[in-house]
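One structure below.
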Amino acid sequence: MQLNTARVLLTGASGGLGHALAHQLVQHGAQVLLSGRDAAKLQALRTELGSAVSLCVADLTQAAGVAQLVQAAQAFQVNALINNAGISAFGSLQTQPWDSVEQVLQTNLLAPMRLTQALLPHLRSQPQARIVNVGSVFGSLPFAGFVAYSSAKAGLRGFSQSLRRELANSHIQVLYVAPRAIQTPLNSPAVNALNRALGNASDRPETVATRLLQALAQDRKEVHIGFPERLFAWLNGFAPGLIDHGVAKQLRTIELHAQTLNPDRQP
Ligand SMILES: NC(=O)c1ccc[n+]([C@@H]2O[C@H](COP(=O)([O-])OP(=O)(O)OC[C@H]3O[C@@H](n4cnc5c(N)ncnc54)[C@H](OP(=O)(O)O)[C@@H]3O)[C@@H](O)[C@H]2O)c1
């Protein structure tokens, strides 16, 4: 897709990766409909970006929020949807409040599926259209301490692949992008400390935004960012026992960092 003809609905625009994506999209000449829940952050971004952007404040986990966004997207004549909004939750499944598990699945999996479904008739009416789903390395390398998040992102990857196959005879293409850790507010201090302890690299949001937009411009189907994460994710596909073994060695470190969240609870 040529980015200078793109009219993009960007969810999660008020977040770290969203901010970088919005800036780079506008630099490429795209028109962008920015979405998020934090109206003040979206207004500030609009002030930075000028007339190429519009706003829609909506909670994607609510049916009314999705309906509002679909209406705004139709009026904006979007031809690209970037499902970027997401939340994470760190901690053992046993100690995680069920509400938090549900919220992670709602936000990272059900909300993008619902928004995509609702926008498909409109996207079909465009001469060409793209759907981009922002996943995670944990979608292909599910990790201890991130059970709900890994499950949601693995689901999002399955959604992206099955939808791509379902739309094969249409002019709508689906791209799934799986970043490794990114330096954004998504990661709590405990997660940042864990990443440091495990030696996990973390990318700048601008770097990830550039990779995502390159993939969109080149009509790629799936992009995994970072090495050796890409190798481990691939290995997990046919030899998950090897990954089980590797993560087991890191489990004590993961548990210790998770315990800093709930010092009274056992992991
Ligand atoms: N950071 C990482 O390490 C990392 C690694 C791999 C993949 N990712 C993925 O990258 C994407 C962007 O995350 P980020 O790192 O930029 O995180 P972030 O800075 O925390 O931003 C998250 C964005 O999602 C929006 N959001 C959350 N819940 C929402 C809801 N119910 N309705 C509407 N919007 C909602 C937030 O909007 P408000 O703030 O306005 O509520 C915010 O704009 C996510 O899909 C994430 O899973 C991140």
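We did not get these values from a lab; they are worked out from the coordinates using the rules stated. Just so it is clear, the structure is predicted and the values come from calculations on it, not from any experiment. When we count neighbours, we look across all protein chains shown, and the Cβ atoms used for this are built from the backbone with ideal geometry, even at glycine.
Scanning the stretch 141-156 for residues that are over 20 Å from Gly36 (Cβ atoms), in contact (Cβ under 8 Å) with a residue 40 or more places away in the chain and touching a Gly at 6+ places or on another chain (Cβ under 7 Å) yields a count of 1.
Restricting attention to the stretch 97-122, the residues that are without any contact (Cβ under 8 Å) to a residue 12 or more places away in the chain and within 22 Å of Leu261 (Cα to Cα) total 4. Taking each residue of the stretch 40-54 that is among the charged types (D, E, K, R) and looking for partners that are in a helix (DSSP H, G or I) and surrounded by 14 or more Cβ atoms within 10 Å (Cβ to Cβ) with beta-carbon atoms closer than 6 Å, six or more apart or interchain, yields nothing.
From the list Leu45, Leu60, the one residue that fits, being farther than 16 Å from Ile82 by Cα and buried (at least 17 other Cβ atoms within 10 Å of the Cβ), is Leu45. All but one of (1) more than 13 Å from the ligand (Cβ to nearest atom); (2) surrounded by 23 or more Cβ atoms within 10 Å (Cβ to Cβ); (3) on the phi > 0 side of the Ramachandran plot hold for Gly29; which doesn't? That leaves (2) as the condition not met. Gly155 satisfies every condition listed in (1) crowded, with 16+ Cβ neighbours inside 10 Å; (2) under 15 Å from Gly12 (Cα atoms) except (2).
Condition first: within 11 Å of the ligand (Cβ to nearest atom), of a type outside the set (Gly, Ala, Ser) and crowded, with 16+ Cβ neighbours inside 10 Å. Now tell me which residues in the stretch 170-194 satisfy that. Scanning the stretch 170-194 gives Val177, Pro179, Arg180, Ile182, Gln183, Thr184, Leu186, Asn187, Val191. Consider Leu120 carefully, then state whether it is surrounded by fewer than 21 Cβ atoms within 10 Å (Cβ to Cβ), aliphatic (A, V, I, L, M), in contact with a strand residue (DSSP E or B) (Cβ under 9 Å, 6 or more places away or on another chain) and part of a helix (DSSP H, G or I). Yes. Looking only at the stretch 70-113, residues that are within 12 Å of the ligand (Cβ to nearest atom), more than 15 Å from the chain's Cα centre (by Cα) and either small (Gly, Ala, Ser) or over 26 Å from Pro189 (Cβ atoms) (or both) come to 0 in all.
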